[in-house]
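What follows is a set of notes on a single structure, which appears directly below.
The values are calculated or read from the model by the stated rules, or taken from the named source; none is laboratory data. Please read these numbers as outputs of a predicted model, since none were measured by experiment. Glycine gets a Cβ as well: all are built from the backbone with ideal geometry, and neighbour counts include every protein chain shown. Heads up: the accessible areas ignore ligands, DNA and RNA and are worked out on the full protein's heavy atoms, side chains in. Shrake-Rupley method; radii C 1.70, N 1.55, O 1.52, S 1.80 Å.
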Amino acid sequence: MSDDDYLPLPEDADRVLVVVAHPDDMEYGGSGAVARWTSQGRRVTYLLVTRGEAGIDTLAPDACAPVREAEQRAACAAVGVDVVEFLDHPDGLVEYSVALRRDIAAAIRRHRPQLVVTGNHRESWDADGAAPNHADHVAVGRAVIDAVRDAANRWLFPEAGERWDGVRGVAVAASPRARHAVDISGHLDAAVASLEAHRAYLAALDGDMAGSGVLREWAAGVATRFPGASAATTFEYLEV
């Protein structure tokens, strides 16, 4: 292994909670890891902070929300997940707040995961800062990291359930600071199926992000730095 190779993400969790801002956020690579984990018998639950109701320009929010919710449930089913929850914070206007931390901490206490997965909370998609991240992603990712600590503190949000201090780490998908990866060689087709479940959303996009080809390219590219894999997906791993 060279210094540029990715390290294996710790995979000793029996229960995993995925917390992201929008439907489709995990489907650009991270869902391949979820498919691997569910195939190994691990319990994975999704928590969506919004319903993605502002995500399709040609659909008004009240019509868009149920479409995107249904597509997310189908995407989760493709990778073996059957519990999907929504918090109903406003899409595009998510704020980092004590209220958001409380909502996420309550889910952590309810599902009691050892691993929490979220999306990129960094200001950019790349190390150079040339590709600004979405404000919702930043707010949710930051709130997730803090909510893990909140959930472990018996004095915070006592109305949100019994404290849970069993989270060992937070895995951040699509982070520009990723140093870990998961081998999804046997699960790439499931990852692609989960992305393609977002039919209405993808149909409204242009360019590479509108198809699953980019997912296969990314997975193959990551695998060149993850010996033994033909497809892989990256994570920044934060010990808590």
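So the values come out like this:
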read-out	value
Nearest-0.05 FRET efficiency for Arg168 and Asp5, computed from C-beta distance (R0 30 Å)	0.85
Pairwise FRET efficiency - Ala130 versus Arg216, Cβ, R0 = 22 Å, nearest 0.05	0.35
The stretch 1-159 - percent of accessible surface contributed by carbon and sulfur, probe 1.4 Å	51
Pairwise FRET efficiency - Arg225 versus Glu159, Cβ, R0 = 51 Å, nearest 0.05	0.65
Beta bridges by DSSP in the chain, antiparallel share as percent, to the nearest 5	35
Backbone N within the stretch 54-87 under 14 Å of label point (7 Å from Asp14 Cα along the Cβ vector)	none
5 angstrom amide H check on Leu115, placed H, neighbours 5+ away	Arg15, Leu17, Arg168
Lys/Arg +1, Asp/Glu -1 at C-beta; the chain dipole; positive extreme among Asn133, Leu9, Ala200	Leu9
Per residue accessible area in Å² of the chain, where ligands, DNA and RNA are left out and the probe is 1.4 Å	44
The stretch 60-159: radius of gyration and largest Cα-Cα distance (Dmax), Å	15.1, 42
Helix-only CD estimate at 222 nm, as mean residue ellipticity for the chain, using -39500 (n - 2.57) per DSSP H run (n ≥ 4)	-11000 deg cm²/dmol
Karplus (6.51, -1.76, 1.60) ³J(HN,Hα), θ = phi - 60°, over the stretch 27-33, in Hz, Gly and Pro reported as x	7, 8, x, x, 5, x, 5
